[in-house]
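Let me begin by presenting the structure, written as structure tokens, before commenting on it.
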Amino acid sequence: MKKTNGYVIYENHRLVVIATGFTRKSANRKTGNMIQIWILVKAQNPVKAVLTGLDEIICGDCPFRGEICYVNVGQAPLAIHKTWLNGGYGYAGTFDNKTGEWIPDKAMLARLFSGASTRFGAYGDPVNIPLPIVKRIADHSANWTGYTHQWRAINNQAYREYFMASTDTEEQKITAHEMSWRSFRVIDDGENPSDGEIVCPNYTHGVQCADCGMCKGKGSKAKSIVITAHGSKKKKFSKVRDYVSNPLDNMNPTQKIIGERLMEKQNNK
Ligand code: SF4
């Protein structure tokens with residue numbers, strides 16, 4: 001059987017999770033060659049899903065979804081969604097459209113990820129992947145990375161064994177540590193890591209994520225990680241900091257409506 005570059009590793013009625021990089025190596029200079037896991041809305045392509053707000057299905061309440069997100073949805077996510085629609089990927093499991101149940105092919109997952117370096121959530125929040133599938137993949141990967149903005153949610157606490165809490169301020173980092181997560185955050189040029197944090201070795205020694213293994217939640221005993229915003233990332237970082245301070249002022253109209261609803265929900269709790 002011809003090997004494809006990607007496999008569906010999970011699916012439900014609303015989203016599909018696709019792992020790519022089995023025949024074509026990824027060329028990302030920071031991460032190195034890793035299997036990339038993409039979490040995509042099924043009903044709309046990623047560009048449209050951002051415009052309509054349906055990306056909430058895969059990003060949850062991540063404050064950066066849409067315009068501020070580091071991922072350019074018009075590039076790889078759009079192409080992968082199209083290839084999936086055209087039946088271009090294999091399946092590491094079976095989806096029952098009637099019941100909405102996904103039955104993973106555990107032997108195939110073991111084969112696909114054996115010895116791999118895996119990047120959970122190249123786009124989309126990896127807590128959308130059921131924990132047993134995350135565990136299976138992590139157990140067989142030589143290394144992995146994963147980050148979630150949904151680390152406060154009560155149902156997501158078991159994911160701290162595998163993923164880092166994405167935090168945007170030092171206060172959030174402290175809360176994440178109190179909740180037993182290891183954390184990951186971006187700091188400004190010239191800013192030092194605070195208690196319990198170290199600088200990502202990619203910035204200090206050129207180590208690539210594929211070989212590092214420090215951003216895998218409690219799977220690593222290392223301190224929490226910070227990276228420094230510089231170059232093109234610096235502009236994005238300022239936007240992120242600005243956003244965290246004034247979330248509603250910095251949203252596009254669709255995000256603003258959703259943001260206001262979320263805040264209303266939180267205030268009513
Ligand atoms: S600490 Fe390691 S795994 Fe995390 S971002 Fe830096 S190089 Fe990648």
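All of the numbers you see were taken from the coordinates with simple rules; none came from a lab. Fair warning: this is a prediction, and the values are worked out from it, not measured in the lab. No Cβ is skipped: glycine too gets one built from the backbone with ideal geometry, and neighbour counts run over all protein chains shown.
Quick look at the numbers
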| read-out | value |
| --- | --- |
| Isotropically averaged projected area of segment 141-213, using the convex hull of Cα atoms (one quarter of hull area), nm² | 5.3 |
| Average projection area in nm² (convex hull over Cα atoms of segment 31-74, one quarter of hull surface) | 3.6 |
| Charge sum, other residues only, whose C-beta stays under 11 Å from residue 44's C-beta, Lys/Arg counted +1 and Asp/Glu -1 | +2 |
| Label-point gap, in nm, between residue 75 and residue 25 - each point 7 angstrom along Cα→Cβ | 1.9 |
| Segment 98-175: C-alpha gyration tensor shape, a/c 1.5 cut-off, then a/b vs b/c | oblate |
| Mean Cα-pair separation over length for segment 1-141, i.e. relative contact order, pairs under 8 Å, 6 or more apart, % | 29 |
| Cleavage-rule hits (GluC sites (Glu not before Pro)) in segment 49-112: DSSP loop, at most 14 neighbouring Cβ within 10 angstrom | 67 |
| Aspartates and glutamates whose Cα lies under 16 Å from that of residue 216, excluding same-chain neighbours fewer than 8 positions away | 125, 139, 161, 197 |
| Summed residue charge, Cβ within 13 Å of residue 150's Cβ, Lys/Arg positive, Asp/Glu negative | 0 |
| Segment 1-141 - charge dipole about Cα centre, Lys and Arg +1 at Cβ, Asp and Glu -1, debye rounded to 20 | 620 |
| Residues residue 175 and residue 83, FRET efficiency given R0 of 35 Å [Cβ-Cβ distance, rounded to 0.05] | 0.35 |
| FRET E, pair residue 106, residue 195, Förster distance 51 Å, beta-carbon r, rounded to 0.05 | 0.80 |
| Lysine-lysine proximity count for segment 1-141, Cα under 14 Å, sequence distance 8 or more or distinct chains | 4 |
| Radius of gyration and maximum dimension Dmax of segment 1-141, Cα, Å | 14.3, 42 |
| Net charge contributed by nearby residues that have their C-beta within less than 15 Å of residue 79 (K/R +1, D/E -1) | +3 |
| Computed E for residue 114/residue 4 - FRET, C-beta separation, R0 25 angstrom, nearest 0.05 | 0.90 |
